[in-house]
1. Scan segment 162-169 and give yes if some residue there is surrounded by 14 or more Cβ atoms within 10 Å (Cβ to Cβ) and either at pLDDT below 95 or in the same structural domain as ILE53 (by the TED database) (or both), otherwise no.
2. Output the residue which, of all residues in segment 1-38 that are open to solvent by 90 Å² or more (accessible area, probe 1.4 Å) and modelled with pLDDT under 55, is nearest to LYS82 (Cα to Cα).
3. Kindly indicate whether THR228 is at pLDDT below 90, assigned to a strand (DSSP E or B) and closer than 25 Å to GLY273 by Cα.
4. Report yes if some residue within segment 250-272 is among the aromatic types (Phe, Trp, Tyr) and touching a residue at least 40 places away in the same chain (Cβ under 8 Å); otherwise report no.
5. Report whether or not ASP83 is surrounded by fewer than 14 Cβ atoms within 10 Å (Cβ to Cβ) and touching an Asp or Glu at 6+ places or on another chain (Cβ under 9 Å).
6. Which of the residues that make up segment 181-208 are open to solvent by 30 Å² or more (accessible area, probe 1.4 Å), among the small types (Gly, Ala, Ser) and not in a loop (DSSP other than H, G, I, E, B)?
7. Looking at segment 266-297 only, could you name the residues that are in contact with a Ser or Thr (Cβ under 8 Å, 6 or more places away or on another chain), open to solvent by 40 Å² or more (accessible area, probe 1.4 Å) and of a type outside the set (Ser, Thr, Tyr)?
8. So, in segment 49-82, exactly how many residues are among the acidic types (Asp, Glu) and over 15 Å from VAL18 (Cα atoms)?
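The values are calculated or read from the model by the stated rules, or taken from the named source; none is laboratory data. Since the model is a prediction, treat every value here as computed from it, not as a measurement. Here the Cβ positions follow ideal geometry from the backbone for every residue, glycine too, while neighbour counts run over all protein chains shown. Surface accessibility is based on the protein's heavy atoms, side chains included, excluding ligands, DNA and RNA. Shrake-Rupley method; radii C 1.70, N 1.55, O 1.52, S 1.80 Å.
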Amino acid sequence: MPINQPSNQIKLTNVSLVRLKKAKKRFEIACYKNKVLEWRSGIETDLDNVLQIEGVFLNVSKGQTAPSADLAKAFGPKVPVKDIILEILNKGELQVGEKERAAALERVHNEVVSIVASKLVNPSTKRVYTTGMIEKALEMLSSQGSQAQQEKTAAAGSATGTAAAGEEGEAKPKVREHTWTGVVSTKSSKSQALEAMKALIAHQPIPVARARMKLRVTCPSGILKFTTKAAGLVAPDQDAGEEKKGMIKDRILSFIEQVESQDVVGSDWEVIGFVEPGAFKGLGDFIGSETKGQGRVERA
């Protein structure tokens, strides 16, 4: 005769909790590790492979299931349990253990350092830095950024006190731009790498500059004087959202930071120059749309 385990005992092996707070109650579901992210990204489509237990809990570790009255109040009186589970799974907060959280943060940190190291160079030698040197430079900025944040907070408190006392005409404290205080797990590696690069370039704990790509742009010389107005294609000298109207040749040159040479070869105009890596896609899109496939952009 089989021995039945108590229903309120849940074996927390290889489990991830997803929590959702609603109607002043916290609801939990028990899932398999890694499956939640696979479900949300569309890799996993079988709910049975995601859930350890098909049920909604107030506290999974204690085996405390959510009363029907609480579910009805939070999600609606006639909402099926499966739909409630799906809402928690899709919208809830994934709970991660301390070791997993530290590992994820370290992974993001390594990705940020790697991206930064690939996009910055020593402006004198034009050589890239090792990830170790970039990491040390970011550590220097992190300590400086934390100190600057404390000074900013203290200055804000002082300014509030001054205003309350009715004093006027004093210089406002300078705000340190592009501070860096380290990586966080809530932002993408790419966006944090961009922030890190701005901070390194602004404060130069080591001599750095954006790496530049050497490109060759070729297009029919007969269309160079044509007027263009390409919305959404932003050159490095434009603000986001700005449209620039002008000749195709002028627009192409606006993407290039430094022109090395330009010449007419047969019926084609060719320019070789340096651009920031981030301008490569915009230049390629512009050439493709304005020359109708007759122009091309390639590494020189």
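1. The answer is no, given that none of the residues of segment 162-169 is surrounded by 14 or more Cβ atoms within 10 Å (Cβ to Cβ) and either at pLDDT below 95 or in the same structural domain as ILE53 (by the TED database) (or both).
2. Taking segment 1-38 as the starting set, the residues that turn out to be open to solvent by 90 Å² or more (accessible area, probe 1.4 Å) are 1-5, 7, 9, 11, 21, 24, 26, 34, 37.
Adding the requirement that they be modelled with pLDDT under 55 leaves 1-5, 7, 9, 11.
On the way: MET1: 32, PRO2: 29, ILE3: 28, ASN4: 25, GLN5: 24, SER7: 19, GLN9: 22, LYS11: 22 Å.
Checking each candidate, the answer is SER7.
3. Values: at pLDDT below 90: yes; assigned to a strand (DSSP E or B): yes; closer than 25 Å to GLY273 by Cα: yes.
Yes.
4. Taking every residue of segment 250-272 in turn, at least one turns out to be among the aromatic types (Phe, Trp, Tyr) and touching a residue at least 40 places away in the same chain (Cβ under 8 Å).
5. Numbers: surrounded by fewer than 14 Cβ atoms within 10 Å (Cβ to Cβ): yes; touching an Asp or Glu at 6+ places or on another chain (Cβ under 9 Å): no.
The answer is no for ASP83.
6. Of everything in segment 181-208, those that are open to solvent by 30 Å² or more (accessible area, probe 1.4 Å), among the small types (Gly, Ala, Ser) and not in a loop (DSSP other than H, G, I, E, B) turn out to be SER191, ALA202.
7. Correct list: ASP268, GLU270, GLU290, ARG296.
8. From segment 49-82, those among the acidic types (Asp, Glu) are 54, 70; that's our starting set.
Filter once more, keeping what is over 15 Å from VAL18 (Cα atoms): 70.
Selection size over segment 49-82: 1.
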